[in-house]
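None of the figures in this text is laboratory data; all of them are computed from the coordinates on show. From a predicted model like this one, the values you see are computed outputs, not experimental measurements. For neighbour counting, all protein chains shown are included, and Cβ atoms are generated from backbone atoms with ideal geometry for every residue, glycine included.
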Amino acid sequence: MLVSDWFIGFHSLMPFVYGSFLGIGMIGLWLKSRKTLARTSAATFAASVLFFVVTNFGVWLMPNSMYAKTMEGLAACYVAAIPFFRNSLMGDFFYVALLFGAYEFVARVVARYETSNRLLTSDR
């Protein structure tokens, strides 16, 4: 993504975007040794919320923002972003299910293959 941003062009929100990615990476590191369906779902939701909160705070904080630098302006910024959050959340859950599900499926197939292969070679 950094390479594509280099070619497409950086914008003023990049520190907030990449900062939220750093936080999401930390959530992933926490999840790595604690994988369950419930924790993966909770981590997905937390990552989506983190991205929403951090990047929309950045939108509000920018000097040329259309939102007043008040609590009401911050609230208006978050409210205006809710429709985008819904789509982001749905996409995050879809891709997490697809990618984590595919990984777990392949891991189980490989484990079964290795088990059956050991059983076949031990019978000789």
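Condition check ((1) under 22 Å from residue 102 (Cβ atoms); (2) without any contact (Cβ under 8 Å) to a residue 24 or more places away in the chain; (3) of a type in the set (D, E, K, R); (4) assigned to a loop (DSSP other than H, G, I, E, B)) across all residues:
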site	(1), (2), (3), (4)
18	no, yes, no, no
24	yes, no, no, no
28	yes, yes, no, no
31	yes, yes, no, no
38	yes, yes, no, no
43	yes, yes, no, no
50	no, no, no, no
67	no, yes, no, yes
77	no, yes, no, no
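Every residue in the range 20-45 that is in contact with a helix residue (DSSP H, G or I) (Cβ under 6 Å, 6 or more places away or on another chain) and of a type in the set (Gly, Ala, Ser), please.
Selection gives 20, 23, 43.
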